[in-house]
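Report on one structure; see the data block that follows.
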Amino acid sequence: MLAADRSNRFDRLLEEAQTLTPADTREQIVTAIFQTSAALCRECVTHRHNVKRDRTEQIDRIVTSKRWGFPIMLALLAAVLYMTIAGANVFSDSLARLFGTVETYLTMAFQAIHAPDWLHGLIVLGLYRGTAAVVSVMLPPMAIFFPLFALLENYGYLPRVAFNMDRLFKKTGAHGKQSLTMAMGFGCNAAAIMSTRIIESPRERMLAILTNNFVPCNGRWPTLILLSSLFMAAGYTGGWNTLVTAAVVVAMVLFGIIVTLAVSWILSKTALRGIPTHYTLELPPYRRPKIMETIIRATLDKSLYVLKRAVTVAAPAAILTWVLGNVHVGDTTVLAYLADGLDPFAKVLGLDGYILLAFILGLPANEIVFPILLMGYLSAGALTEVDGLSSLKQILLDHGWTWLTALNMMLFSLLHYPCGTTLVNIYKETKSVKWTFVAFALPTAIAIMVTFATAQLARWLGLV
Amino acid sequence: MTRTNYTIALMGNPNTGKSTLFNVLTGLRQHTGNWPGKTVIRAEGEFAHRGATYRIVDLPGTYSLYSNSADEEVARDFLLFERPDLTIVVVDATALERNLNLALQVLEITGRVIVAVNLMDEAKKKGILINSKKLENKLGVPVVPISARNKEGIDKLMNTVDAMVRGRIKTNPLSIQYSPEIEQAISKLMPNIRETVGDAYPARWIALRLLDGDTSLLAALKQPPQRDTKEEGAYACCGSVESI
């Protein structure tokens with residue numbers, strides 16, 4: 001048979017087949033196969049009573065059920081955040097006081113050796129104070145949040161999160177495994193980009209890459225938790241305050257997931273069209289983690305890793321920020337000059353020039369965005385020391401912050417472009433400048449649109 | 001003259017111990033590891049048993065033959081176009097139900113199949129008992145319980161292989177019953193398919209794939225790949241996911 005002739009006959013066959021195809025063919029085929037397997041197993045497999053296995057199945061029946069899956073997920077997240085926020089408040093203040101005391105001694109030491117003023121400014125007021133601010137503000141939430149999160153992860157809960165989300169992702173035209181890569185994104189977006197390799201189809205993998213950024217990573221959790229606890233629950237006291245703070249962060253995460261789903265849906269209807277592929281998600285048995293080991297590892301590995309990253313990037317940034325804040329052009333500093341330039345645009349988004357500048361300078365790592373902002377504010381004249389959360393809030397209030405500024409900074413942090421490391425990984429994985437640019441521009445555009453909308457809405461309604 | 005050279009394909013879900021079995025059979029040291037997707041390019045080896053030489057091909061682990069990914073296409077194309085003399089489907093005894101899904105799909109393509117139920121030791125520990133005789137009757141192909149890791153059941157597997165290639169075992173593979181709607185469509189398509197592809201390919205299975213709109217299979221059928229080509233590792237991207 002000639003190849004062309006053969007090819008034509010195949011096409012005619014496919015045409016004929018398509019006219020005979022019921023709408024849910026794939027579903028029917030898969031169902032028939034699954035039912036056959038199940039029937040075979042019912043006849044050929046017997047389970048001796050086994051407590052461990054039963055427990056996993058019993059738990060899964062509840063935590064992955066349609067009715068309880070999502071409420072349990074949200075409740076667990078809220079509980080983890082509640083404990084984080086409640087605990088971090090205590091820690092943060094004492095840590096800041098400690099750093100304050102050390103600073104006094106450092107200043108005395110500098111005076112004792114008659115060091116020039118600029119050196120004291122650079123080292124103590126720039127480098128030390130900036131680093132201390134990062135540590136005292138970021139370490140406490142991390143030291144509580146990461147171990148709690150790691151316990152859930154090691155117990156085997158994350159695959160269940162993926163299982164619950166799977167239905168939603170399939171509906172948007174994305175791959176169910178995207179829920180797994182999204183779950184990894186809660187830890188680190190850069191690592192999650194690598195993990196998208198588990199998605200075979202290039203189309204679905206690209207969806208997962210482009211939307212991974214919309215869940216907060218290690219570098220952004222502290223910012224979200226911090227801003228939420230400072231501004232979002234101002235009217236409440238005691239336990240309610242913590243609860244509202246946690247609720248706002250949960251809402252942020254939910255919003256991030258909604259954006260992930262919405263963007264996946266839009267992309268799979270436009271630029272990345274296609275049908276989702278089938279796959280089997282394995283749910284490993286629950287295992288009781290070694291609790292102490294998990295806590296120690298999470299604290300040492302994750303908290304110190306993030307902190308190290310923050311400090312190593314923040315230290316040079318602190319010096320740079322201090323220099324920018326102290327080198328004068330005419331009668332204004334370079335920092336103020338840049339921030340003023342960004343200010344009009346930032347104001348439209350409900351932010352200010354310093355916040356936007358912090359996001360831009362913070363491209364290498366999300367961890368340093370807030371520290372840079374703080375240094376920017378401090379170098380701009382407000383010479384208070386950061387000794388705890390209340391004075392931190394005062395600094396922000398002095399720079400005209402309202403709840404809207406905090407909300408929009410949280411939203412911008414949640415939605416904006418991925419950090420430098422993540423972008424590098426996206427390029428490595430896609431080998432495409434175009435898609436890397438999309439991965440940068442798409443979230444940024446969404447961040448700008450959303451903050452613009454909330455700012456305008458709040459102002460129009462007269463809420464600020 | 002009797003043949004003495006045979007090709008065996010090794011198939012199965014990811015992480016069922018295919019590569020461990022491969023190593024046991026060939027004495028090679030294919031890298032094995034406890035995570036899915038270890039075998040990213042197809043590995044080949046040889047072993048001799050009772051005067052016959054076997055070329056054994058360790059295919060990447062797959063959950064289905066639906067052309068969802070490059071891996072599944074590789075496995076599917078191997079069965080369709082290289083037509084191994086025998087396919088050993090390795091299934092995980094501790095997750096038999098899920099693993100059988102693939103075995104059933106393989107049975108739709110070829111009846112020359114042995115189902116090796118691996119990880120029997122682990123199943124025993126978990127209190128899972130598998131009646132392999134019954135399973136064998138139901139599936140209509142030999143079922144051999146093994147523990148590749150402990151080298152248990154390997155002799156029986158090799159003897160079954162031997163008996164099968166020499167035609168001493170006749171198989172009667174289980175055929176999945178689909179919904180009346182689909183069964184009707186299949187019987188309508190079958191005559192035309194037989195006419196087009198001849199007896200070289202499993203007509204019923206192709207009918208199913210056509211109904212499912214599997215265009216990748218169609219492309220492969222139009223342009224059957226050269227037999228015995230060694231593929232490049234172009235789809236080799238299933239490394240372990242670093243934990244964070």
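The values are calculated or read from the model by the stated rules, or taken from the named source; none is laboratory data. Quantities reported herein were computed from a predicted structural model and do not represent experimental measurements. Every residue, glycine among them, receives a Cβ derived from its backbone with ideal geometry; neighbour counts consider all protein chains shown. Side chains are part of the model used for accessible areas, which takes the heavy atoms of the whole protein and leaves out ligands, DNA and RNA. Shrake-Rupley method; radii C 1.70, N 1.55, O 1.52, S 1.80 Å.
Would you please give the residues with an amide H less than 5 Å from that of B:Ala9, counting only those at least 5 places away or on a separate chain, with H modeled from the backbone geometry?
B:Val57, B:Leu86, B:Thr87, B:Ile88
Cα-Cα over 24 Å: which of A:Lys170/A:Lys434; B:Lys133/B:Lys156; A:Lys170/B:Lys18?
A:Lys170/A:Lys434; A:Lys170/B:Lys18
Using a probe radius of 1.4 Å on protein heavy atoms only, what is the accessible area buried between chains A and B, both sides summed, to the nearest 100 Å²?
Its buried surface, counting both partners, is about 5000 Å².
Within 10 Å, count the other beta carbons around each residue, average over each peptide in A:145-151, A:396-402, and list them highest first.
So the peptides A:145-151, A:396-402, ranked by packing, come out A:145-151, A:396-402.
Over 24 Å between Cα atoms: which of B:Lys125/B:Lys151; A:Lys177/B:Lys126; A:Lys177/A:Lys308; A:Lys347/A:Lys393; B:Lys126/B:Lys151 fall into that group?
As for pairs spanning more than 24 Å Cα to Cα, those are A:Lys177/B:Lys126; A:Lys177/A:Lys308.
Under the definition of Cα pairs under 8 Å and six or more residues apart, what whole-number percent is the relative contact order of the range A:391-464?
After rounding, I find 39 percent.
Residue by residue, what Karplus-based ³J(HN,Hα) values in Hz, rounded to whole numbers, does the range A:245-253 have, using 6.51, -1.76 and 1.60 with θ = phi - 60° and x for Gly and Pro?
4, 4, 4, 5, 5, 4, 4, 4, 4
For B:Glu152, what residues show an amide H to amide H distance below 5 Å, using hydrogens built from the backbone and excluding near sequence neighbours?
For B:Glu152, whose amide H was placed from the backbone, the distant partners under 5 Å are B:Ser147.
Just the number please: accessible area per residue for the protein assembly as shown, 1.4 Å probe, all protein chains included, in Å².
45
Report the residues of the range B:110-136 in range of a label on B:Arg3: point 7 Å along Cα→C-beta, backbone N strictly under 16 Å from it.
B:110-114
What residues qualify as long-range amide H neighbours of B:Glu46, i.e. H under 5 Å apart, gap of 5 or more or another chain, H built at 1.01 Å from N?
Amide H neighbours of B:Glu46: B:Ile56.
Counting alpha carbon pairs within less than 8 Å and at least 6 residues apart, what relative contact order, in whole percent, applies to the range B:88-168?
About 29 percent, as a whole number.
Across the residues of A:19-29, average count of Cβ atoms on other protein chains within 10 Å?
The shielding value for this peptide is 5.
Do you know the relative contact order of chain A, to the nearest whole percent, from alpha carbon pairs under 8 angstrom that are 6+ apart?
Relative CO of chain A lands at 19 percent.
Could you give the length gained by full extension between A:Tyr337 and A:Asp5, i.e. 0.36 nm per residue of separation minus their alpha carbon distance, to one decimal place?
112.2 nm
Could you give the dipole magnitude of chain A about its Cα centre, charging the beta-carbon of Lys and Arg +1 and that of Asp and Glu -1, in debye to the nearest 20?
Approximately 1560 debye in magnitude.
Give the calculated FRET efficiency between A:Ile448 and A:Thr31 to the nearest 0.05, with a Förster radius of 35 Å applied to their Cβ-Cβ distance.
It comes out at approximately 0.15.
Toward the positive end of the charge dipole of chain A, about the Cα centre and with charges on Cβ (Lys, Arg +1; Asp, Glu -1), which of A:Val327, A:Pro418, A:Ala79 goes farthest?
It is A:Ala79.
Whole-Hz ³J(HN,Hα) for each residue in the range A:11-24, computed from phi via Karplus 6.51 cos²θ - 1.76 cosθ + 1.60 with θ = phi - 60°, x for glycine and proline: what do you get?
4, 5, 4, 5, 4, 4, 4, 5, 6, 8, 6, x, 4, 10
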